[in-house]
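S.K.: Structure incoming, see below.
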Amino acid sequence: MKYSSAYRAKKRWRILIPVIVCLLGIVGVLAAQLPGIKPRLAWRVEIAEAYLRGIVNPVESMPAPRRVQAAAAAATPTPRSTETLDPATATATLEISPTPTLTPTPLPATAKLASPAYEKQDMNNCGPATLTMFLRMYGWEGDQYVISDQIKPIPQDRNVNIDELFAFTLQNVNWLTTGFRVGGTVETLKAFIAAGLPVMIEEGFTMAESYWPNDDRWSGHYLLITAYDDSRQVFTTQDSFVGQDLVVSYTDLDKRWQIFNRVFFYAYKPEQEQTVRSILGEAWDETANRSLALETARQETEKDPHNPFAWFNLGSNLVYFDRYAEAAQAYDEARSRGLPQRMLRYQFGPFFAYFNTNRTEDLLELTEYALKITPNSEEALLWHGWALYRSGDKLKATEDFLAALEAHPGYFDAQYALDFIQSN
C-alpha cells in the first residue's frame, strides 16, 4: 500500500513529538534549578508543550450537545463536592441575618482609592497576584507566593477558583470579613469604591499570543478595581498581567464580566459591616443573591438568545438550586451557540448538571475535551473519573482520581472519590 507524503509526515511527527516533549521536560527540570531563569524558561517550556499537543491533537470547537432527554440519575451515589460549581458558585460561610431596608445614598460622580504596590503575576498566578494587591489595600504584607504556595503548590495549575481565594483569606487574614457574590452590576462596583472598599472581579480576557494552532486566545482573568469616573464612564483597574492603573469602560468591563456570572469578591473590617449590607441590599443573603442572578440571566437569554454566556450563567445559577435538568438544557443552549475553548478550565457547572441528569456520554465528551486543552485540570480529571465509574470502569476512574490528586495535592474531592470507590 502506498501512503501520501502528508500521511508519512504526520506519522513522523507522531513519533517525534513524544521525544521532543520529553526533551522539553528535561530542560524544564534543569531550568527549575536556576532561580534567575526558572520563571521565564519554565513558562516557555509549558507554552511549547501546549503547542506541540495542539499539532498532534488539534483543538477544535467545544462539542455540541447530544440533545438527549435528561434521564433520572442512576443509583450510583452522587459524589460529595466541596469545589466551586463555577468560579462564582461557592457560598461563603457567613452567618446570614435579616437585612434591614435601607435608603440608597446617591453615589459621587467619581471616586478613587490609592493604588496598592503592584504585583506582576508569575506563571498561571493571576489569582494569587491580584488577591495580593487587594489585601495590601488593607495592610497585608505578603506576596503572591504566600498565597500560591498554599492554594496551588504546583505552578502548572492553571486555574484558581474564587472560593480558593476566599478560603485563603478566611484562614490567613481573619481580621477581615471576606465574601463574594454573583450577579453584580456596574453600580455595585461603584458603590464599593465610593465606600472606600476595593473590589475584585473575574472576567474574560483575550491573550496576545496563540498557545496552539487555531487558538481562540480566550482566557479567564482576575481584575482589581480601584476607581471610577462617571464623566468618562470608566473604571481604573490593577491588572497583574498587563499593568497598573489601566482604564476600562463600564460597557467593556461588564461585557467581559458577564462571562463569569458577574462574580465579585469583597472584604471589610468589622466596623464596616453596615456599609457592606447597604451596598449589597437583598444580595446580602446568599440565596436571595443567587435568585436575583438567576432572574438576570433569564432576562438576558430573552433579550439576546444568541449570547452563549447568558445561557451558561442561567445554567450555573440553576445548578446552585439543584435544578439539574433545567441547568443541563441551559448548558445545551450555551454550547450550541459557541463557547470559548478554555471555558471548562474555569467553570464546571456543566459537569454537575450532566452527571446529575445521567448524561454520562456528554460528561465524558466534555471532560475529555477539557483535558485535551488542560491535561492537568484536577476538576476535569475528577469528573472524568466519575463518568468512567458510572460507566463501570472502576480501574480507570481510580487512575483519574489519583491524577487529580497529583495535579492538586490535598484536593479533597479527589480523595473522597478514591475513598468512596475503594470501599464499594
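S.K.: Could you pull out the residue among Leu405, Leu418, Leu381, Leu371 that is more than 22 Å from the chain's Cα centre (by Cα), free of Cβ contacts under 8 Å to residues at least 60 places away in the same chain and not assigned by TED's automatic domain parsing to the domain that holds Arg262?
M.R.: Leu418
S.K.: Scan segment 299-314 and tell me whether some residue there is more than 28 Å from Thr374 (Cβ to Cβ), in contact with a helix residue (DSSP H, G or I) (Cβ under 6 Å, 6 or more places away or on another chain) and buried (at least 17 other Cβ atoms within 10 Å of the Cβ).
M.R.: There is no residue in segment 299-314 that is more than 28 Å from Thr374 (Cβ to Cβ), in contact with a helix residue (DSSP H, G or I) (Cβ under 6 Å, 6 or more places away or on another chain) and buried (at least 17 other Cβ atoms within 10 Å of the Cβ).
S.K.: Inside segment 264-279, can you point out the residues that are buried (at least 21 other Cβ atoms within 10 Å of the Cβ) and either assigned to a helix (DSSP H, G or I) or of a type in the set (Lys, Arg) (or both)?
M.R.: Hit for segment 264-279 is Ile279, nothing else.
S.K.: Are there strands (runs of 3 or more DSSP E) fully within segment 169-229 with at least 1 residues that are under 23 Å from Ala310 (Cβ atoms) and without any contact (Cβ under 8 Å) to a residue 24 or more places away in the chain? List them.
M.R.: Answer list for segment 169-229: 199-206.
S.K.: Would you say Gly392 is more than 21 Å from Asn124 (Cβ to Cβ) and touching a residue at least 12 places away in the same chain (Cβ under 8 Å)?
M.R.: No, not satisfied.
S.K.: Looking only at segment 363-371, decide whether some residue is surrounded by fewer than 24 Cβ atoms within 10 Å (Cβ to Cβ), touching a His at 6+ places or on another chain (Cβ under 8 Å) and aliphatic (A, V, I, L, M).
M.R.: Checking segment 363-371: at least one residue is surrounded by fewer than 24 Cβ atoms within 10 Å (Cβ to Cβ), touching a His at 6+ places or on another chain (Cβ under 8 Å) and aliphatic (A, V, I, L, M).
S.K.: Restricting segment 133-168 to residues that are of a type in the set (Ser, Thr, Tyr) and in contact (Cβ under 8 Å) with a residue 24 or more places away in the chain, which is surrounded by the fewest Cβ atoms within 10 Å (Cβ to Cβ)?
M.R.: Tyr138
S.K.: Any idea which of Thr360, Thr275 is of a type in the set (Val, Ile, Thr) and in the same structural domain as Leu131 (by TED's automatic domain parsing)?
M.R.: Exactly one residue qualifies, and that residue is Thr275.
The values are calculated or read from the model by the stated rules, or taken from the named source; none is laboratory data. These numbers come from a predicted model, not from an experiment. Every residue, glycine among them, receives a Cβ derived from its backbone with ideal geometry; neighbour counts consider all protein chains shown.
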